[in-house]
Amino acid sequence: KKRDELIERAYQKAHELYSDQRMFQKTIDIYESLTRTPKKVLVIKHGALGDIIKALGAFQVIRKLFPKAELTLLTTPAYQKLCADFEVFDRFIVDKRSKDPTEYWTLMKQLGLLEFDLIIDLQNSNRTRWYRYIQQIGAPTRWWYQTKEEKNTQHVFEGFARLLRLEDANDLSPSVSF
């Protein structure tokens, strides 16, 4: 009897979560998010200087893809000036990468309040996965990022090209004129 009740509850829960109507609505939501032009885009990139240099072409491609969007770069203090001189981003959020939980929580709260339409994670670290998770709460957001397996088997330009839906990684060569 108890087993039958458990099976019935599981069936009801599965029916509730995966009903035709709910799955139809989720499909429509995904389609709409893919066709909507984002107004606020968060680009995440920190790391070493070489990582930033490698991302300069991707930054330009992102600006071309979303010319009217407000682009915000989440980066470390050391690279904010360099990226500002590159004139791609409208705003910057500085991640001190502090181990202090209150500073980390403050940054997470700030990210959650900004309600970006799109997050492009060019870093793909454990830390940046948390940023994406916080943004997921309540915001109509979509994610573009590499899986760990892709990150470990692809050259960074191939990963960026796939991430930005480019045909050729050569499109990521930056035009540098500071």
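The values are calculated or read from the model by the stated rules, or taken from the named source; none is laboratory data. Quantities reported herein were computed from a predicted structural model and do not represent experimental measurements. Neighbour counts run over all protein chains shown; Cβ positions are idealised from the backbone, glycine included. For accessibility, only protein heavy atoms count, side chains too; no ligands or nucleic acids. Shrake-Rupley method; radii C 1.70, N 1.55, O 1.52, S 1.80 Å.
Within the option set THR37, THR72, being part of a loop (DSSP other than H, G, I, E, B), within 25 Å of THR128 (Cβ to Cβ), under 18 Å from the mean Cα position of the chain (by Cα) and of a type in the set (Val, Ile, Thr) holds for one residue only, THR37.
Any residue in segment 110-118 that is under 15 Å from the mean Cα position of the chain (by Cα) and among the charged types (D, E, K, R)? So far as segment 110-118 goes, yes, one or more of its residues are under 15 Å from the mean Cα position of the chain (by Cα) and among the charged types (D, E, K, R). The sole residue among LEU73, LEU122, LEU56 that is open to solvent by less than 30 Å² (accessible area, probe 1.4 Å) and modelled with pLDDT under 85 is LEU122. Only a single item in (1) open to solvent by less than 40 Å² (accessible area, probe 1.4 Å); (2) among the small types (Gly, Ala, Ser); (3) at pLDDT 80 or above is not met by GLY112, and it is number (3). Of everything in segment 80-96 that is open to solvent by less than 40 Å² (accessible area, probe 1.4 Å) and modelled with pLDDT of 90 or more, the residue that is nearest to ALA48 (Cα to Cα) is ILE93. For first residues located in segment 91-120 and within 21 Å of GLY47 (Cα to Cα), partners that are in a loop (DSSP other than H, G, I, E, B) and small (Gly, Ala, Ser) and lie 6+ apart or on another chain with Cβ distances below 7 Å form the pairs TYR104/SER98.
Can you find a residue that is open to solvent by less than 90 Å² (accessible area, probe 1.4 Å), of a type in the set (Ser, Thr, Tyr) and on the phi < 0 side of the Ramachandran plot anywhere in segment 1-18? The answer is no, given that none of the residues of segment 1-18 is open to solvent by less than 90 Å² (accessible area, probe 1.4 Å), of a type in the set (Ser, Thr, Tyr) and on the phi < 0 side of the Ramachandran plot.
Exactly one residue out of LYS26, LYS99 is under 19 Å from GLN123 (Cβ atoms), surrounded by fewer than 13 Cβ atoms within 10 Å (Cβ to Cβ) and over 16 Å from the mean Cα position of the chain (by Cα): that is LYS99. Taken as a whole, the condition of being open to solvent by less than 50 Å² (accessible area, probe 1.4 Å) and either at pLDDT 85 or above or closer than 27 Å to LYS26 by Cα (or both) applies to ARG142.
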